[in-house]
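Comments concern the structure below.
What follows is calculated from the coordinates using simple rules that are stated; it is not laboratory data. Here the structure is a predicted model, which means the values were calculated and not measured. Counting neighbours? That spans all protein chains shown, and the Cβs are built from the backbone with ideal geometry, glycine included.
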Amino acid sequence: MGHAVTLIPGDGVGPELSLATQRVVAATGVKIEWEIENAGAEVMAVEGTPLPKRVLDSIRRTRVALKGPLTTPVGTGFRSVNVALRQELDLYACLRPCKKYRGVRSRYDEVDLIVVRENSEDLYAGIEFQQGKPDTAEIIDHIARLTGKRMPADSGVSIKGLSIGATRRIVRFAFDYARSNRRKKVTSVHKANIMKYSDGLFLAVATEVAADYPDIAYEDRIVDNMCMQLVQKPDLYDVLVLPNLYGDIISDLCAGLIGGLGVAPGANIGDEIAVFEATHGSAPKYTGMNKADPVALMLSAVMMLEHLGERDAAGRLDGAIAAVIAEGRAVTYDLKPTPDDPTAVGTSQMADAIISRLQ
Ligand code: NAD
């Protein structure tokens, strides 16, 4: 019997990357019984929802999923399926290791950061009021009555709330991760100087939780300063813990430090369930072109194998990916000296090279 794992292939470049990842996982010798469940815009057209119950049921059954990216319409249309999945399954922690692999082109020689992003609240909770609607006028009136401050009548409104419970949970997750992975320092990131009641709460709770972990250093940074510091001296940092929106933005910044979105893996983790997915999106312009870099999803699969207790296979797959990148021959365009390098290979050929290394 293998491990039962739900696979959401995703859309855009997702299906190509998922197939390449399934192949390299199979080459480790670990038996996975994939339950393939499609979601997203195409499913919406047929089933009336982009995230049918069958997808959630499968993940609740297997408790582990690997997910390709899914496109979210901008401004209008359905809400992000990626966000909905995290909310429905209470995957409150988004874990994004940002480690520089030898051979990846970057301005930095050594980067090894862990981004822990809160996934369940903040401006991603979906408490929004569309411009021009009666409810929006009502909320604007209500806020004016309570605060004496009136937003322009033609505003759209998104509400941000951070809670003690969710903050405590994510900061504990960051410290527990630091402890069990022999990390030395946790930095909480906020804008408490401006948002005194939401980010201020985040900072106060983080400081309180840090006191329970005297073996791990703790400090905090204001998010704008954090951006500059990460660009100038990323080596000063170790584990970062952030509310949802800053976590989203800083994840991409850190992906940039280690060579780009093509190589940045991730996981969304709750108490019972874990969904592994790359940081990047569906890169629609490369759909069906066998061009996108499969490394980010493959490294997410390395995290998945570790989660499944398959540490040896995870280490071998990580080593094979690292070796192919370091060699620099059978790699996709983004890992070549210039994006138009004619020696770049496609997604599936890079998977072939990694499989050869594994054998
Ligand atoms: P994106 O990550 O899809 O692409 C940004 C750029 O990064 C691409 O144009 C490409 O140059 C590069 N890139 C990304 N992945 C790559 C890869 N594997 N190999 C090589 N280059 C890669 O971001 P976007 O364009 O902002 O978003 C496109 C869609 O994806 C949107 O609908 C967005 O909502 C969605 N999205 C989904 C997820 C998710 O599924 N978790 C995450 C982010 C964005």
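Counting other Cβ atoms within 10 Å of each Cβ, which trypsin sites (Lys or Arg not before Pro) in segment 90-143 have at most 16 and sit in a DSSP loop?
Numbers: sites: Lys99, Lys100, Arg102, Arg105, Arg107, Arg117; in loops: Lys100, Arg102, Arg105, Arg107.
Those that pass, being in a loop and sparsely packed, are Arg102, Arg105, Arg107.
Based on the alpha-carbon gyration tensor of segment 223-359 and its eigenvalue square roots a ≥ b ≥ c, which shape applies: rounded if a/c is under 1.5, prolate if not and a/b is larger than b/c, or oblate? Working shown, then result.
On the way: a/c = 1.74, a/b = 1.25, b/c = 1.39.
In terms of gyration-tensor shape, oblate.
Label-point separation (nm) for Asp90 and Ala204, each offset 7 Å from Cα along Cα-to-Cβ?
With each label placed 7 Å out from Cα toward Cβ, I get 2.6 nm.
List the chymotrypsin sites (Phe, Trp or Tyr not before Pro) within segment 193-289 that DSSP assigns to loop and that have no more than 14 neighbouring Cβ atoms inside 10 Å. Don't skip to the end; give the middle numbers.
Details: sites: Tyr197, Phe202, Tyr218, Tyr237, Tyr246, Phe276, Tyr286; in loops: Tyr197, Tyr237.
Here the sparse-neighbourhood loop sites are Tyr197.
If pairing requires two Cys Cβ atoms under 4.7 Å apart, which cysteines of the chain are left without a partner?
Cys with no partner Cβ under 4.7 Å: Cys94, Cys227.
Within 10 Å of each residue's Cβ, count the other Cβ atoms and sort Ile114, Ile354, Ile170, Ile127 from fewest upward.
Final ranking by Cβ density, sparse to dense: Ile127, Ile114, Ile354, Ile170.
According to the square roots a ≥ b ≥ c of the eigenvalues of the Cα gyration tensor, what is the shape class of segment 114-247, taking rounded for a/c under 1.5, prolate for a/b larger than b/c otherwise, and oblate for the remainder? Spell out each step's value before the answer.
Details: a/c = 2.66, a/b = 2.27, b/c = 1.18.
It comes out prolate by the Cα gyration axes.
Under a Cβ-Cβ cut-off of 10 Å, what is the net charge of the residues other than His280 that fall near it, where Lys and Arg count +1 and Asp and Glu count -1?
In short, -3.
Over segment 32-175, what number does the Rg to Rh ratio reach, with both radii from the alpha-carbon atoms and Rh per Kirkwood?
Details: Rg = 19.7 Å, Rh = 18.7 Å.
Using only Cα positions, Rg/Rh for segment 32-175 is 1.05.
Would you tally the net charge around Glu47, using a Cβ to Cβ cut-off of less than 13 Å, leaving Glu47 out, and scoring K and R as +1, D and E as -1? Intermediate values should be presented prior to the final figure.
Values: positive: Lys53, Arg54; negative: Glu37, Glu42.
Here the charged neighbours net out to 0.
Modelled label-to-label distance, Leu253 and Ile127, 7 Å Cα→beta-carbon offset: nm?
Rounded to a tenth, the inter-label distance reads 2.6 nm.
Nearest 0.05, what FRET efficiency do Tyr197 and Cys227 give at R0 = 22 Å with Cβ-Cβ as r?
Numbers: r = 23 Å, r/R0 = 1.04.
Efficiency at R0 = 22 Å is approximately 0.45.
Can you tell me the length gained on complete extension of the stretch Glu138 to Lys184, counting 0.36 nm per residue apart and subtracting the Cα distance?
11.7 nm
Nearest-5 percent of antiparallel DSSP beta bridges in the chain?
Details: 15 of 40 bridges.
The antiparallel proportion sits near 40 percent.
Can you compute the FRET efficiency between Asp112 and Lys31 using 1/(1 + (r/R0)^6), with r the Cβ-Cβ distance and R0 = 41 Å? Round to the nearest 0.05. Present the calculation step by step, with values, prior to reporting the outcome.
Numbers: r = 31 Å, r/R0 = 0.77.
Result of the calculation: an efficiency of 0.85.
Each label point is 7 Å from the Cα along the Cα-to-Cβ direction; what then is the distance between the points at Arg168 and Asp235, in nm?
3.9
Given R₀ = 41 Å, what would the calculated FRET efficiency be for Arg60 paired with Asp212, taking r from the Cβ atoms and rounding to 0.05? Please report the intermediate quantities before stating the final value.
Values: r = 31 Å, r/R0 = 0.76.
Result of the calculation: an efficiency of 0.85.
If the reach is capped at under 12 angstrom between alpha carbons, list the aspartates and glutamates near Lys100, excluding any in the same chain fewer than eight residues apart.
Candidates past the 8-residue exclusion: Asp109, Glu110, Asp112, Asp235.
Rank the residues Thr167, Thr147 as a footprinting-exposure proxy: fewest other Cβ atoms within 10 Å of their Cβ go first.
Working: Thr167 26, Thr147 9.
The most exposed by this proxy come first: Thr147, Thr167.
Report D for the chain in µm² per second (integer): Stokes-Einstein, Kirkwood Rh on Cα pairs, 4 °C, 1.567 mPa s.
61
Using DSSP to call loops (not H, G, I, E or B), can you name the trypsin sites (Lys or Arg not before Pro) in segment 16-94 whose Cβ has at most 13 other Cβ atoms within 10 angstrom?
Working: sites: Arg23, Lys31, Lys53, Arg54, Arg60, Arg61, Arg63, Lys67, Arg79, Arg86; in loops: Lys31, Arg63, Arg79.
Sites meeting the loop and neighbour criteria: Lys31.
Take the cross-link list Lys149/Lys191; Lys160/Lys191; Lys133/Lys285; Lys191/Lys233; Lys53/Lys133 and give me the ones stretching past 23 Å between alpha-carbons.
Values: Lys149/Lys191 21 Å; Lys160/Lys191 13 Å; Lys133/Lys285 35 Å; Lys191/Lys233 20 Å; Lys53/Lys133 30 Å.
Too far apart for the 23 Å limit: Lys133/Lys285; Lys53/Lys133.
Roughly how many Å is it from the Cα centre of segment 47-102 to that of segment 223-260, as a whole number?
22
Once you order the gyration tensor axes a ≥ b ≥ c over the Cα atoms, which shape class does segment 1-72 get: rounded for a/c under 1.5, otherwise prolate or oblate by comparing a/b with b/c?
Oblate, since a/c reaches 1.5 and b/c is not below a/b.
If you scale each eigenvalue of the Cα gyration tensor by 5 and take the root, what three semi-axes come out for segment 265-337, rounded to whole angstrom and sorted largest first? Walk me through the numbers before you get to the answer.
Values: eigenvalues 114, 64, 11 Å².
Equivalent ellipsoid of segment 265-337: 24, 18, 7 Å, largest first.
Of the chain, which part is the longest with no GluC sites (Glu not before Pro) in a loop (DSSP not H, G, I, E, B) and with at most 11 other C-beta atoms within 10 angstrom? Please list the in-between numbers first.
Details: sites that count: Glu110, Glu272.
Answer - 111-271.
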